[in-house]
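This report refers to the structure that appears directly beneath it.
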Amino acid sequence: MEYKVVPFYPVINRDKDNSKKVAKQLEDIIENFTNQGWRYVRLESVETYVRADPGCFGFGAKPGFTAYRQMIVFSKE
């Protein structure tokens, strides 16, 4: 079995109906890959820790943080 993982970065505005816009974006990606022969499996949330940046002699130092990414998983036999 073959797998493909695609990042999902929904684009929203500060107006209403954002849920509908995000759902439509996800639907379009799923439809695009389905037309290429891929089968949608699931939407995964991937958690990554970004290390702190000590800066130069402490100047410009940035704390570490956790970043979350959404990934769409497809499969093909």
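Laboratory data are not the source of any read-out in this text; all were calculated from the coordinates shown. None of these values were measured; they are calculated from a predicted model. Reconstructed Cβ throughout: ideal geometry from the backbone, glycine too, with neighbour counts over all protein chains shown.
With θ taken as phi - 60° and the Karplus curve 6.51 cos²θ - 1.76 cosθ + 1.60 applied, the whole-hertz 3J(HN,Hα) list for region 51-65 is 5, 5, 10, x, x, 9, 6, x, 7, x, 5, 10, x, x, 7 Hz, x standing for glycine and proline. The loop-placed trypsin sites (Lys or Arg not before Pro) in the chain, going by DSSP, that have at most 11 neighbouring Cβ atoms within 10 Å of their Cβ come out as R14, K16, R51.
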